[in-house]
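The values are calculated or read from the model by the stated rules, or taken from the named source; none is laboratory data. Note that the structure is a prediction, hence the values are computed from the model and not measured. When we count neighbours, we look across all protein chains shown, and the Cβ atoms used for this are built from the backbone with ideal geometry, even at glycine.
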Amino acid sequence: MADFNTLDYRVEDGIAIATFNRPDKMNPFNVAMTQDLIALFDRTDGDDDVRAVVLTGSGRAFCAGADLGGGEKTFDYKPGGRGGDVDVNGVRRDGGGRVTLRIFRSLKPVIAAVNGAAVGVGATMQLPMDARLASVDARFGFVFARRGITPEACSSWFLPRLVGMPRALEWVYSGRVFGAEEALEAGLVQSLHQPEELLDAAVALAHRMTDDSAPVSVALSRRMMWQSLGAPHPMHVHRIDSRAIQSRGKSNDAREGIASFMEKRPAQYPDRVSSDMPDFYPDSDEPEFI
């Protein structure tokens with residue numbers, strides 16, 4: 001597989017660790033990063049040796065937002081733009097949104113280890129992840145109004161669901177940068193760590209999430225939980241629950257899960273995400289961009 005341009009990547013004991021690798025520029029978001037992040041989750045979804053993904057930064061930043069190298073025209077998006085951009089009906093799709101939608105569809109748990117500044121898309125790309133752990137030195141900012149633009153990367157959908165509407169509105173309206181303690185108090189991050197302990201804590205959480213769980217069950221549960229946030233009535237979720245229990249209940253994983261419990265031994269789940277996901281919960285559930 002080709003190397004990534006903006007990420008360093010390794011897999012250790014079932015956990016994929018991806019690190020933004022432009023610390024001299026504070027890991028700015030650009031077209032190359034968009035392509036790399038989408039490719040990253042394509043890779044991890046297709047690799048049964050990966051149980052979870054940890055994304056972190058290098059240097060002083062997680063990701064300090066969009067690359068402003070274009071100056072005043074940085075956000076002057078026009079159809080037929082830079083390589084890798086996607087135009088639909090005369091509208092250039094937001095690159096941050098393409099990334100967050102891909103993370104939203106991930107079949108593996110995703111954890112952010114926020115080592116430093118996480119501003120603009122550096123903050124919004126974390127919102128569809130399953131957990132966010134932060135260094136005590138981390139800083140966050142939804143700074144769009146201070147740049148004359150609006151929230152992106154589907155953050156107006158995700159952020160109020162994570163921290164509540166009043167907090168989301170204040171952060172977005174003011175565009176102010178705030179510290180890790182405020183992020184923790186608001187529920188944006190789950191825990192704070194000393195810088196030298198952050199990555200180990202994120203990896204440990206990834207293991208707690210996945211070591212004793214059936215991979216297909218985790219993948220399906222992730223899809224069910226995230227997509228149920230938009231369900232208009234519990235009956236919609238009941239339909240999916242019923243199909244999932246019926247599908248999983250007759251699986252080799254279910255037989256192994258019960259047998260290992262009865263025999264008081266660690267389970268060895270045989271089903272694989274790459275080949276054994278049920279067919280009733282397809283990616284086509286995502287609406288088309290129009």
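Scanning region 7-56 for residues that are outside any strand (DSSP E or B), touching a strand residue (DSSP E or B) at 6+ places or on another chain (Cβ under 7 Å) and of a type in the set (A, V, I, L, M) returns M26, L40, V50. If the condition is being part of a strand (DSSP E or B) and either modelled with pLDDT under 95 or not assigned by TED's automatic domain parsing to the domain that holds L198 (or both), then region 57-75 contributes only A66. Looking only at region 248-268, filter to residues that are within 13 Å of L220 (Cβ to Cβ) and either out of contact with any helix residue (DSSP H, G or I) (no Cβ under 8 Å at 6 or more places or on another chain) or not small (G, A, S) (or both); which one of those is surrounded by the most Cβ atoms within 10 Å (Cβ to Cβ)? The selected residue is D253. Residue check: L199 meets all listed conditions (1) outside any strand (DSSP E or B); (2) farther than 26 Å from D45 by Cα but one, namely (2). Note on region 12-35: residues that are of a type in the set (S, T, Y) and either more than 11 Å from F62 (Cβ to Cβ) or at pLDDT below 95 (or both) amount to 1.
G97 meets the conditions (1) buried (at least 21 other Cβ atoms within 10 Å of the Cβ); (2) closer than 18 Å to W226 by Cβ in every case but one. The failed one is (1).
Return the total of residues in region 86-104 being among the charged types (D, E, K, R) and either assigned to a helix (DSSP H, G or I) or farther than 25 Å from L159 by Cα (or both).
3
Scanning region 207-229 for residues that are without any contact (Cβ under 8 Å) to a residue 60 or more places away in the chain and either aliphatic (A, V, I, L, M) or touching a helix residue (DSSP H, G or I) at 6+ places or on another chain (Cβ under 8 Å) (or both) yields A214, S217, M224, M225, Q227, S228. Of everything in region 128-146 that's in a strand (DSSP E or B) and of a type in the set (D, E, K, R), which residue is nearest to V177 (Cα to Cα)? Within region 128-146, the match that is nearest to V177 (Cα to Cα) is R139. Restricted to region 269-284, and to residues there that are part of a helix (DSSP H, G or I) and exposed (fewer than 11 other Cβ atoms within 10 Å of the Cβ), the residue that is modelled with the highest pLDDT is S275.
The set of residues from region 149-180 being more than 20 Å from L101 (Cβ to Cβ) and in contact (Cβ under 8 Å) with a residue 40 or more places away in the chain comprises V177, G179, A180.
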